[in-house]
Amino acid sequence: MTNIYSNILQSKANNEKLLAILLDPDKIELNTLDLLIKKISQSPATHIFIGGSLVENNILDELVILLKKQLDLPIILFPGNPSQISSLADGILFLSLISGRNPDFLIEHQVKSAPILKKTQLEIISTGYILIESGTKTAVERVSKTNPLDRNNPDLALATAQAGEMLGNKLIYLEAGSGAKQAVPLEMIKKVAQNIKIPLLVGGGIIDLQGIQKAYDSGADLVVIGTAFENDVDFFNK
């Protein structure tokens, strides 16, 4: 699987909306994976993201292998730290938490990851990761020890996204966080989408299909669904 980013750009140019299902290895039991894969294959997903804030088990490589055997979708790593890299995936979101000021998540983890990534064939997609206040303290906030941006300040989110674009990020990811009580505000999505040229990803706190459509209508190019699908594998059938 190659040219992941080129395909995302082409979809944006054609106004074709994309959907990623985010799988957290810590929340997956391999003995039930066949059912999970069946539900993914029946869904409108265009990409699979794999990762989490912690990832304490050791099934990452095995999970990627099993997914690739049964799904013809790009498998993209969404890592919280350098230990969450598998050379067996197709690509990786090379994240920088630009909403925070913790140097570990701005550059330190990236420095540690670079020698590892140079030895792989992974497609590396630099991504400006922006955490948005969501009504609860999310795992990303706890692990990264950073504060999310004020959900009522779309101008700050826009300036942060534009800074990420100017720094050379290929994607901007507006994230409310895993288990968020509130999704990223639609006004914020719209403001950012209208004022950057690179693709915009949105995730966290989306609990139904209407939420996905509203994010698309506001300008999201790719929506990420994690917790809602984890809690109900029939999410897309409703």
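Every read-out reported here was derived from the displayed coordinates using simple, explicitly stated rules and does not represent laboratory data. Note that this is a predicted model, so its numbers are computed, not measured. Positions of Cβ are generated from backbone atoms using ideal geometry, with glycine treated the same way; all protein chains shown enter the neighbour counts.
General remarks:
- Label-to-label distance, nm, for residues given as SER83 and ASP217 (7 Å Cα→Cβ offset): 4.3
- With R₀ fixed at 25 Å, the C-beta to C-beta distance from ASP34 to LYS181 puts the FRET efficiency at about 0.20.
- Phi angles of segment 221-234 translate, via the Karplus equation with coefficients 6.51, -1.76, 1.60 and θ = phi - 60°, into HN-Hα couplings of 8, 9, 9, 10, 10, x, 4, 4, 6, 4, 7, 8, 5, 8 Hz per residue; Gly and Pro are given as x.
- Computed per residue of the chain from DSSP H runs no shorter than four, each worth -39500 (n - 2.57), the mean residue ellipticity at 222 nm is -10000 deg cm²/dmol.
- With the cut-off at under 11 Å, measuring from each backbone N in segment 152-193 to a point 7 Å along the Cα-to-Cβ line of VAL143 picks out 178.
- The H on the amide N of ILE50, modeled in the peptide plane, is under 5 Å from the matching H of LEU23, ILE76, LEU77, PHE78, each at least 5 residues off or on a different chain.
- Look at the Cα gyration tensor of segment 1-70: its axes a ≥ b ≥ c give a/c of at least 1.5 with a/b over b/c, and that counts as prolate.
- Helical segments meeting 24 Å axial Cα length and Kyte-Doolittle -0.5 threshold in the chain (DSSP H): none
- Dipole axis of segment 116-235 (+1 Lys, Arg; -1 Asp, Glu on Cβ), positive-most option in ILE196, MET166, ILE225: MET166
- Whether segment 1-141 is rounded, prolate or oblate, judged on the alpha carbon gyration tensor where a/c under 1.5 counts as rounded: rounded
- 3J(HN,Hα) along segment 201-206: 9, 9, x, x, x, 8 Hz, from the Karplus curve 6.51 cos²θ - 1.76 cosθ + 1.60 with θ = phi - 60°, whole Hz, x for Gly and Pro.
- Gyration tensor verdict on the chain (Cα atoms; rounded if a/c is under 1.5, prolate if a/b is larger than b/c, oblate otherwise): rounded
- Candidates ASN3, THR136, LEU60 compared by Cα position along the dipole of the chain: farthest toward the positive end lies ASN3, with charges placed on Cβ.
- For segment 112-171 versus segment 22-46, the gap between their alpha-carbon centres in whole angstrom: 25
- Within a Gaussian network of the chain (alpha carbon springs, distance under 10 Å), most fluctuating of GLY211, GLY164, GLY91: GLY211
- Candidates per trypsin sites (Lys or Arg not before Pro) in segment 165-229, loop by DSSP, up to 16 other Cβ within 10 Å: LYS181, LYS197
- Computed extension gain for GLN194 through ARG101, at 0.36 nm per residue and net of the alpha carbon distance, reaches 30.9 nm.
- Other-chain or far-sequence residues with amide H under 5 Å of PHE94's (modelled H): ILE125, SER126, THR127
- Full extension of the chain between GLN110 and ASN3 yields a length gain of 36.3 nm, computed as 0.36 nm times the residue separation minus the alpha carbon distance.
- With the simple spin-label model, which puts each label point 7 Å out from Cα in the Cβ direction, the ASP208 to ASP26 separation comes to 3.0 nm.
- Close amide H partners of GLY226, meaning residues 5 or more places away or on another chain with modelled amide H under 5 Å apart, are LEU22, GLY204.
- This model, with +1 at the C-beta of Lys and Arg and -1 at the C-beta of Asp and Glu, gives segment 33-153 a dipole about its Cα centre of some 60 debye.
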